[in-house]
Amino acid sequence: MSDTVDVLVIGAGFAGLHMVYKLREAGFAVHGLEAGSGPGGTWYWNRYPGARCDSEVMYYSFSFLPELEQEWPLQERYPAQPEILRYLERVTELLDLHKDFTFDTRVDRLTFDADTNLWTIRGEAGGEWTARFVVTAVGCLSAANVPQIPGADSFAGRTLHTAAWPHEPVDLGGKRVGVIGTGASGIQAIPVIATQAAHLTVFQRTAQFTLPAANGPLDPRMVELWKQNYPEWRRRARLSSAGIPYTPTDVSAMEVTAEERRARYEAAWEQGGYQFGLGTFNDILLNEESNATAADFVRGKIGELVDDPEVAELLTPRGYPIATKRMPLDTGYYVTYNRPNVSLVDLRRSPIEEITEAGIRTTAGLHELDVIVYATGFDALTGPLTALNVIGRNGSALTDAWCEGPRTYLGVAIPDFPNLFTITGPGSPSVVSNMPVSTEQHAEWIGNLLIHLREQGIERVEATREAADQWTDHVQQVASGTLYPRAASWYMGANIPGKPRVFLPYVGGVGNYRKKCDDVAASGYPGFALTAGRTRV
Ligand code: N01
């Protein structure tokens, strides 16, 4: 590649692969940089035991590859990590995208030159690129959160993080394993690790509500019907609230009798997946009373599934509304605690004091371990962007601009940072949606904006402060009409010490958001300051 391109894309997951392909096909000089040694993004890094997608396989794929859509086998309801990675590798091969990426390249600095309207992009291990535009496709959950626990370096055993799991097999057989964290990653990994380890100790800070995935092989007749109607399912997903083509319900949990409510919850529990939240009642995330009925139902299930009443009580979430922290889907999570080789440590009662050479010491004593697994999540949404060390016009740093929380226009653009676009950035549906639907919408929208700029001879594009303020206020206002802000969740930045507490994604719905973005495009991109070109790349 030449060292100066029209567009540089960072990341080779769903978002980056699509963005590079779209721009290459539109005739731009585009290049991608990726920290991993191959494509896959999230699915390249998160290889922990039990890693699997919580979106059903039928709609966790690209919608613009009709032949691949027909030929790709749909086998299990929820695709496992290796299957999704294979899919993204196949897409890379099919679209001949390898040649458009430089792998093993982690970007550690982006600097905008206001005189030339060009970005300089620096690789952590050297290498420098120049581009008119930069599109970040770095994911929302890619900056791992590693809590600073005193003594962590002194541990004599092996330390692992779910978000950076080794590529070679990890043998946990005969080992005493400790898992810190019971979010979606921990809840997937714990039942599998329990079957491998000699003993598993789970260190839980906050009990989680989790729903049964009810994973299993798909009925071939359903797959055939689905494949016959793919365009219609895709259309419904794009217009839906969460990027999932479920038929929404218009019934409030308060409108029906207790018996009917229970019957609906029971049916959804049996069916598995997000039917419980999306298909039962329309106000679980809006009305405290309705929410309490759903929470009580799940609490009851925990009591039925876990043999030891004391352990069941520790696993029972209290103090925040159900679904306000991202609900994981599990396969045998609660019953794992019935195994004789699994024990649960309640960190609320006995917090971790330190890690020693021998294991984890809580205020109640030392747990001797051979392996510690951090399932402690991510610095979500903003972390992957601030890690790029972005310096905008006037030398302003993104970390400073966002010291009180991110302010974006539509989640794709940031005032003072011209010619920079963020796929699934803060302020967009991103993590509260089925990701491929949202990355596709952004890649298409940003691609069309760049085509528009090229046609108009525009060299510099920047979100106005007013547009970003209005949008960010709208994002907060929509969130405050729901129960979401009631939980100390990573949606709120609450999992990272010192991170500002603002609601990060847009919960106004994928379909509504798409319409707003389409309206902006159709009106000639109000909210952006456009500067005609002086220089050519
Ligand atoms: O991370 P999390 P995750 N001491 O932040 C605990 C997506 N995802 O990797 O709740 C002790 O949810 C923390 O405790 P608390 C999905 O969007 C998708 O599990 O903060 N504990 C919590 O229990 C998901 O939501 C899929 O009190 C500490 C856990 O660690 C997101 O990724 C699969 C601690 C972290 O949970 C993140 O999930 C997996 C400390 N110092 C993930 N710090 C699929 O689609 C944190 N914790 C399949």
Using θ = phi - 60° and the Karplus curve 6.51 cos²θ - 1.76 cosθ + 1.60, what whole-Hz ³J(HN,Hα) does each residue of the stretch 377-387 get, with Gly and Pro shown as x?
x, 9, 7, 6, 6, 7, x, x, 7, 5, 5
What Kirkwood hydrodynamic radius, in Å, does the stretch 260-386 give when the mean of 1/r is taken over all pairs of distinct Cα atoms and then inverted?
17.3
Relative to the present Cα-Cα distance, how much length would full extension add between residue 167 and residue 116 at 0.36 nm per residue of separation?
14.2 nm
Shape descriptors of the stretch 151-247 over alpha-carbon atoms, Rg and Dmax in angstrom, are 19.5, 57
State the dimensionless ratio Rg/Rh of the stretch 427-502 (Rg: radius of gyration of Cα atoms; Rh: Kirkwood radius).
1.07
Hydrophobic long helices for the chain, i.e. whole DSSP H runs reaching 24 angstrom or more by Cα along the axis with Kyte-Doolittle mean at least -1.0, come out as 288-305, 435-456
Accessible area, 1.4 Å probe, largest first: how do 403, 53 sort?
403, 53
Links exceeding 32 Å between C-alpha atoms in this model, out of 325/515; 99/325; 301/516; 227/499, come to 99/325; 301/516; 227/499
Accessible area per residue of the chain at 1.4 Å probe, in Å²?
41
Treating the beta-carbon of each Lys and Arg as +1 and of each Asp and Glu as -1, no other charges, what is the dipole magnitude of the stretch 393-499 about its Cα centre, to the nearest 20 debye?
260
At 222 nm, what value in deg cm²/dmol follows for the chain if DSSP H runs of at least 4 each add -39500 (n - 2.57) and the sum is divided by all its residues, to the nearest 500?
-9500 deg cm²/dmol
Among 472, 369, 437, pick out the residue whose Cα is farthest towards the positive end of the charge dipole of the stretch 327-475, where Lys and Arg carry +1 and Asp and Glu carry -1 on C-beta, about the Cα centre.
437
How are the alpha carbon pair distances in the stretch 64-189 distributed across 5 Å bins from zero to the largest one, expressed in percent?
2, 6, 11, 14, 14, 15, 14, 12, 8, 3, 1, 0, 0
So how exposed is residue 381, as accessible area in Å² (1.4 Å probe, rounded to 10)?
0
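With r as the distance between the Cβ atoms of residue 318 and residue 255 and R0 = 22 Å, compute the FRET efficiency 1/(1 + (r/R0)^6) and round to 0.05. Numbers along the way, then the final one.
Working: r = 26 Å, r/R0 = 1.19.
Taking R0 as 22 Å, the efficiency between residue 255 and residue 318 is 0.25.
Give me the one-decimal Kirkwood hydrodynamic radius in Å for the stretch 221-280, with the sum taken over alpha-carbon pairs. Spell out each step's value before the answer.
Values: mean 1/r = 0.0767 Å⁻¹.
Taking every pair of different Cα atoms in the stretch 221-280, averaging 1/r and inverting gives 13.0 Å.
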Intensity falloff of the stretch 57-138 expressed as log10 I(q)/I(0), Debye formula with alpha-carbon point scatterers, at q = 0.10, 0.17 Å⁻¹:
-0.41, -0.83
Over every pair of different alpha-carbon atoms in the stretch 365-507, take the mean of 1/r and invert it; report that Kirkwood radius in Å.
16.6
The answer for residue 360, listing residues at least 5 apart or on another chain whose modeled amide H is closer than 5 Å to its amide H, is 367, 369
Considering only protein heavy atoms and a probe of 1.4 Å, how much of the accessible area of the chain is carbon and sulfur, as a whole percent?
49
Based on the Cα gyration tensor of the stretch 3-50, what are the three equivalent ellipsoid semi-axes, each the root of five times an eigenvalue, rounded to whole Å and given largest first?
25, 11, 5
If you place +1 on the Cβ of every Lys and Arg, -1 on the Cβ of every Asp and Glu, and leave all else neutral, what size is the dipole of the stretch 453-537 about its Cα centre, to the nearest 20 Debye?
260
Would you mind checking which residues have amide H under 5 Å from residue 52's amide H? H placed 1.01 Å from N; only 5 or more apart, or other chain.
81
Set Lys and Arg Cβ to +1 and Asp and Glu Cβ to -1, take the dipole of the stretch 86-230 about its Cα centre, and tell me which of 179, 133, 118 lies farthest positive.
179
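Explain nothing, just the number: dipole magnitude of the chain about its Cα centre with +1 on each Lys and Arg Cβ and -1 on each Asp and Glu Cβ, in debye rounded to the nearest 20.
400
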One finds the C-alpha centres of the stretch 457-498 and the stretch 203-253 to be spaced, in Å, by 26
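Hey, got a sec? Which GluC sites (Glu not before Pro) in the stretch 330-435 land in a DSSP loop and have at most 14 other Cβ atoms within 10 Å? Walk me through the numbers on the way to the answer.
Details: sites: 353, 354, 357, 368, 404; in loops: 357, 404.
Loop-located and lightly packed - 357, 404.
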Can you compute the FRET efficiency between residue 90 and residue 304 using 1/(1 + (r/R0)^6), with r the Cβ-Cβ distance and R0 = 56 Å? Round to the nearest 0.05.
0.85
Using the Cα atoms as the points, what is the convex hull volume per residue of the stretch 1-107 in Å³?
97
How long is the gain from residue 25 to residue 368 if the chain were fully straight, where each residue apart is worth 0.36 nm and the alpha carbon distance is subtracted?
117.9 nm
Output for the stretch 455-537: trypsin sites (Lys or Arg not before Pro) sitting in coil per DSSP, at most 13 other Cβ within 10 Å, listed by number, reads 501, 534, 536
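Multiplying the sequence separation of residue 102 and residue 296 by 0.36 nm and subtracting their Cα-Cα distance, what value in nm do you get?
Contour length minus Cα-Cα distance gives 64.8 nm.
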Amide H within-cut-off set for residue 179, under 5 Å, with H built and near neighbours excluded
201, 202, 203, 373
Along the charge dipole of the chain, which of 321, 402, 147 sits closest to the positive end, that is, farthest toward it, with unit charges on the beta carbon of Lys, Arg, Asp and Glu (+1, +1, -1, -1)?
402
Evaluate the chain: find the radius of gyration of its Cα atoms, find its Kirkwood radius, and give the ratio Rg to Rh.
0.96
Modelling each spin label as a point 7 Å along the Cα-to-Cβ direction, I'd like the residue 452/residue 341 distance in nm, to one decimal.
5.8
Using DSSP to call loops (not H, G, I, E or B), can you name the trypsin sites (Lys or Arg not before Pro) in the stretch 268-356 whose Cβ has at most 16 other Cβ atoms within 10 angstrom?
318, 348, 349
Go through the stretch 365-371 residue by residue and turn each phi into a ³J(HN,Hα) via Karplus (6.51, -1.76, 1.60, θ = phi - 60°); whole Hz please, and just put x for glycine and proline.
x, 8, 9, 6, 9, 9, 9
Rg/Rh of the stretch 197-305 (Cα atoms, Kirkwood Rh), to two decimals, equals 1.04
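The values are calculated or read from the model by the stated rules, or taken from the named source; none is laboratory data. Note that the coordinates shown come from a computational prediction; the quantities given were computed from them, not determined experimentally. Here Cβ is always computed from backbone atoms with ideal geometry, including for glycine, and neighbour counts include all displayed protein chains. Accessible surface is based on the protein model in full, side chains and every heavy atom, while ligands, DNA and RNA are left aside. Shrake-Rupley method; radii C 1.70, N 1.55, O 1.52, S 1.80 Å.
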